[in-house]
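Okay, structure first, notes after.
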Amino acid sequence: MRGKERYQLRCAAGKYCLLDMAHQGSPYRSPVVMNESGAMILETYWRTGDRESTAEKLREAYEIEKQEALTDVSVFLEQLQRQGIEIE
């Protein structure tokens, strides 16, 4: 189980939590908390599988430059990978 099949993204009290549904509970691993833009990046990337398309959606939503959106997408996805999240 990988990527979007392994994880569920939930929203509570304005915060988004990424839950690892394959985690067995020991040792405890807390959910990854992210903001709305992080959730948008992750959901769009899972849907498209493409950083360019994800950056375009982010650019449109936040009215930022294309290069800034590409950088934001790459940095965010790399941060998740460093935390052991399988995004692919």
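The rows are residues; the columns are (1) at pLDDT below 95; (2) in contact with a strand residue (DSSP E or B) (Cβ under 6 Å, 6 or more places away or on another chain); (3) among the charged types (D, E, K, R).
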position	(1), (2), (3)
Y16	no, yes, no
A55	no, no, no
R59	no, no, yes
E63	no, no, yes
E68	no, no, yes
I87	yes, no, no
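Only residues that are surrounded by 15 or more Cβ atoms within 10 Å (Cβ to Cβ) and in contact with a helix residue (DSSP H, G or I) (Cβ under 8 Å, 6 or more places away or on another chain) were counted in segment 38-63, giving 14.
Against the test of being among the charged types (D, E, K, R) and farther than 14 Å from E88 by Cβ, the options E43, E5 yield a single qualifying residue, E43. If you go through segment 65-79 one residue at a time, how many are farther than 18 Å from M34 by Cβ and open to solvent by less than 50 Å² (accessible area, probe 1.4 Å)? Qualifying residue count, segment 65-79: 1. Out of all the residues in segment 1-20, which are of a type in the set (A, V, I, L, M) and open to solvent by less than 100 Å² (accessible area, probe 1.4 Å)? Across segment 1-20, the qualifying residues are L9, A12, L18, L19.
Please go through segment 1-19 and give me each residue that is touching a residue at least 24 places away in the same chain (Cβ under 8 Å) and either closer than 18 Å to E86 by Cβ or under 12 Å from the mean Cα position of the chain (by Cα) (or both), ordered by number.
Within segment 1-19, R2, G3, K4, R6, Y7, L9, L18 meet the criteria.
For G25, the requirement of being at positive phi and open to solvent by less than 50 Å² (accessible area, probe 1.4 Å) is met. With respect to the stated conditions, Y28 fails to be of a type in the set (F, W, Y), under 17 Å from I85 (Cα atoms) and in contact with a Leu (Cβ under 7 Å, 6 or more places away or on another chain).
Those helices (runs of 4 or more DSSP H) of the chain in which at least 2 residues are in contact with a Lys or Arg (Cβ under 8 Å, 6 or more places away or on another chain), considering only elements entirely within it, cover 36-48, 51-62, 66-82.
The values are calculated or read from the model by the stated rules, or taken from the named source; none is laboratory data. Predicted model only: the values in this text are computed from it and were never measured. Cβ sites come from the backbone with ideal geometry, for glycine too, and all protein chains shown count toward neighbours. Protein only, heavy atoms only, side chains kept; ligands, DNA and RNA dropped before computing areas. Shrake-Rupley method; radii C 1.70, N 1.55, O 1.52, S 1.80 Å.
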